[in-house]
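Peer 1: Provided herewith is a single structure, encoded as structure tokens, for subsequent inquiry.
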Amino acid sequence: MRLAKRRSPKSLEQVCRRLFGAFSVLLLTVLIVYVGREGYYDAADNRVGLLDSLYYATVSLSTTGYGDIVPRSDSARLVNILTITPLRIIFLIILVGTTLEALTERTREEWRLTRWRSKLQHHTVVVGYGTKGRSALQTLCTTGLRAENVVIIDPNPHATDTAISDGYAALTGDATRSEVLVRAEMHRAKQIIIATHHDETATLITLSARQLNPHAKIIAAVREEENASLLRQSGADAVITSASAAGRLLGLSCISPSAGAVIDDLIQQGTGLELIERPVAMHEVGRNIRDVAEIVVSVLRNSQLISYDHPDASPLRSSDGLITIARAKFGEMAQRQEKKSREPRTPSTAAAGLREGILWQ
């Protein structure tokens, strides 16, 4: 992994314009010397040609001045004083100004990046900005997650460019390497979503992430169901089998299209019905599960899920959690999010700093 500087199109255009200006000054100086070549003396052969004019212009503008070609006549010396000397100053201003601007911009962006990283904590890290990663973020954003609290890691520069244009901060790098995870401040993250294309990659990232952050919630996606237990042993709190889940939904939709539509609605946050996990309220403690206002699907007790129809589900305890089906509370937020997604998005301050300044690769 290397630290790379990515210039914005505007900065690159400015550099190109300055280089063109410097080249134009050089050509103008060559033309002036060549036109007045009779007034110059060359210690080598007493003749000043086009190559000699180019050589003299180059060493003169760069203030090297070897002295082998010098203005001999009064007119040539007067031209040097009134024309070539100002051109030399302009040439140096262009080169030195470009260098100083580049150093200033780099220092400013590094300072902005360091300041942003120092404030980054309790954020969400998403490894993989493909279909799964984007869908997971869309769901989280409907529940109030802010773009500046998200960091994307993806080895594909095109994916990170897309993430930055969507308003997120992004790192281009291999997430199986610990230094990449450290630069994403994963050790201070609140939750980590691993949505890679390969199960073995997801396993390695899960192991590294759990080692860096023992307290973060890690959710990982795998393609093969047989690898789910391996991800849990590696430290994942929840494992989603993407291929099997999609296959089950396809099969259910074939058997009962309406039931498939309901399931699809349940797993989409912000609209219609949705599954909600919440703690038991004080007024619900000691009551029967059927007395809860929402439809209770399961009870979470001591890290164990108890079905709603199990005898042990009732009475409810204060330490229990409930998995319920309820009307979405974020319908308006989801509509605003959908409307906003159709408009050009302005990158967040952190993402803009990464885009215009430094990206990790």
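The values are calculated or read from the model by the stated rules, or taken from the named source; none is laboratory data. Given the structure is predicted, the values throughout are model-derived calculations rather than measurements. Here the Cβ positions follow ideal geometry from the backbone for every residue, glycine too, while neighbour counts run over all protein chains shown. Calculation scope for accessible area: heavy atoms of the full protein, side chains included, ligands and nucleic acids excluded. Shrake-Rupley method; radii C 1.70, N 1.55, O 1.52, S 1.80 Å.
Peer 1: Could you check region 35-54 and list, in sequence order, the residues that are open to solvent by 80 Å² or more (accessible area, probe 1.4 Å) and hydroxyl-bearing (Ser, Thr, Tyr)?
Peer 2: Tyr41
Peer 1: In the set Ala159, Ala136, Ala202, which member is among the hydrophobic types (A, V, I, L, M, F, W, C) and open to solvent by less than 10 Å² (accessible area, probe 1.4 Å)? Talk me through it step by step, then tell me what you get.
Peer 2: On the way: Ala159 fails: open to solvent by less than 10 Å² (accessible area, probe 1.4 Å); Ala136 fails: open to solvent by less than 10 Å² (accessible area, probe 1.4 Å).
After applying the criteria, what remains is Ala202.
Peer 1: In addition: Answer yes if at least one residue in region 151-164 is over 11 Å from Val125 (Cα atoms), in contact (Cβ under 8 Å) with a residue 24 or more places away in the chain and small (Gly, Ala, Ser), and no otherwise.
Peer 2: Checked region 151-164: at least one residue is over 11 Å from Val125 (Cα atoms), in contact (Cβ under 8 Å) with a residue 24 or more places away in the chain and small (Gly, Ala, Ser).
Peer 1: Same structure again: Only one residue in Ala334, Ala350, Ala261 is open to solvent by less than 100 Å² (accessible area, probe 1.4 Å), of a type outside the set (Val, Ile, Thr), at pLDDT 50 or above and not in a strand (DSSP E or B). Which one?
Peer 2: Values: Ala334 fails: at pLDDT 50 or above; Ala350 fails: at pLDDT 50 or above.
Exactly one residue qualifies, and that residue is Ala261.
Peer 1: Something else now. Given region 110-225, what strands (runs of 3 or more DSSP E) lie entirely inside it while holding 1 or more residues that are over 20 Å from Ser242 (Cα atoms)? First the steps, then the outcome.
Peer 2: Numbers: elements: 124-127, 150-154, 169-172, 191-194, 217-222.
Because the criterion is at least 1 residues that are over 20 Å from Ser242 (Cα atoms), the strands (runs of 3 or more DSSP E) in region 110-225 that meet it are 124-127, 150-154, 169-172.
Peer 1: Just the residues that are farther than 24 Å from Asp237 by Cβ and surrounded by 10 or more Cβ atoms within 10 Å (Cβ to Cβ), please, taken from region 295-312. Even if it seems obvious, please write down each step before you answer.
Peer 2: Restricting attention to region 295-312, the residues satisfying the condition of being farther than 24 Å from Asp237 by Cβ are 295, 309, 311.
Of everything in region 295-312, just one residue is farther than 24 Å from Asp237 by Cβ and surrounded by 10 or more Cβ atoms within 10 Å (Cβ to Cβ), namely Ile295.
Peer 1: What is the residue count in region 28-85 for residues that are modelled with pLDDT of 80 or more, part of a helix (DSSP H, G or I) and among the acidic types (Asp, Glu)?
Peer 2: The qualifying residues number 2.
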